[in-house]
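Below is one structure; the comments refer to it alone.
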Amino acid sequence: MEITGSDYTYWTNVPGKATAAKFLEKVRLMWPTALVDDERRKGYIEIFISKDAAMDDFQDENGYALNEDGEGCFMFFASSKPSLHIDVHISSIHGPAELMSADPHNSTIFLANPTRYTLVLPTLLEESDFSKKIQSFLIDSLSESSAIK
């Protein structure tokens with residue numbers, strides 16, 4: 001089978017354990033009886049999620065893809081790193097307000113103890129409200145986890 005799914009990666013200073021818990025809460029509200037394959041070890045979380053056995057079987061045959069209901073299996077990864085130094089091109093900034101008017105530019109980011117989150121979604125965000133919903137679960141979970149003191 002060829003490689004399927006659409007990967008989206010996010011770097012943050014928000015630790016994975018609390019974010020994963022919040023993410024799974026949101027998934028369970030959407031799919032109360034979801035099948036969750038949860039593998040964890042120090043500094044690493046990998047969670048594969050399907051709605052039910054039928055979706056799991058569909059994924060085995062079709063890879064990451066949307067079923068006839070417009071839903072599909074997806075994965076959540078979180079891994080901690082001791083540091084990150086990355087050169088990036090910033091095309092837009094979503095906050096804080098004083099930075100939002102910045103023109104696109106090159107920048108360097110240094111982070112200590114960052115966490116890399118990766119979502120493997122059944123299709124591109126631009127092509128699916130379902131994939132957008134799963135992405136919003138992660139973004140909301142990161143926001144909620146960063147507010148925990």
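Which residues does the label zone of Asp69 cover in the stretch 105-149, counting backbone N under 18 Å from a point 7 Å along Cα→Cβ? Residues 122-123, 128-135 fall inside that zone. Entry note, the chain: the mean residue ellipticity at 222 nm calculated from DSSP H runs of n ≥ 4, each adding -39500 (n - 2.57), is -9500 deg cm²/dmol after division by the residues and rounding to the nearest 500.
Here the label points at Lys81 and Thr108, each 7 Å from Cα along the C-beta direction, are separated by 1.6 nm in the simple model. Checking a compactness column here: for the stretch 79-149, what do you get for Rg(Cα) / (2.2 N^0.38 Å), N being the number of residues? The value comes to 1.33. Using r as the Cβ-Cβ distance of Lys17 and Ala54, and R0 as 35 Å, what FRET efficiency do you calculate, to the nearest 0.05? Once the sixth-power term is evaluated, E becomes 0.70. Normalised by the number of residues in the stretch 1-70, the mean separation of alpha-carbon contacts (under 8 Å, six or more apart) gives a relative contact order of 31 percent.
Taking every C-alpha pair closer than 8 Å and separated by at least 6 residues, the mean separation divided by the residue count of the stretch 1-126 gives a relative contact order of 35 percent. The listed peptides 137-143, 64-70, ordered by packing as a protection proxy, come out as 137-143, 64-70 (highest mean of other Cβ atoms within 10 Å first). Taking a straight Cα-Cα cut-off under 22 Å and skipping sequence neighbours fewer than 8 places away in the same chain, the lysines within cross-link reach of Lys132 are Lys22, Lys26, Lys51. Which of these, Thr118, Thr12, Thr33, has the largest mean-square fluctuation under a Gaussian network model of the chain (Cα springs below 10 Å)? Comparing Thr118, Thr12, Thr33 in the GNM, the peak value goes to Thr33.
For the stretch 1-83, the share of accessible area belonging to carbon and sulfur comes to 50 percent (1.4 Å probe, ligands and nucleic acids excluded). Each of Ala147 and Ala97 was given a label point 7 Å from its Cα along the Cα-to-Cβ line. The distance between the two points is 1.9 nm. The residues of the stretch 1-96 present an accessible area of 61 Å² per residue when probed at 1.4 Å with all protein chains retained. Length gained on full extension, Leu124 to Asp7, computed as 0.36 nm times the residue gap minus the Cα-Cα distance: 41.3 nm. Working from the Cα coordinates of the chain, the gyration tensor eigenvalues give, after taking √(5λ), semi-axes of 29, 18, 15 Å in decreasing order.
The values are calculated or read from the model by the stated rules, or taken from the named source; none is laboratory data. Not measured: the values here are computed from a predicted model. Cβ atoms come from the backbone with ideal geometry, glycine included; neighbour counts cover every protein chain shown. The accessibility values were calculated without ligands, DNA or RNA, using every heavy atom of the protein model including side chains. Shrake-Rupley method; radii C 1.70, N 1.55, O 1.52, S 1.80 Å.
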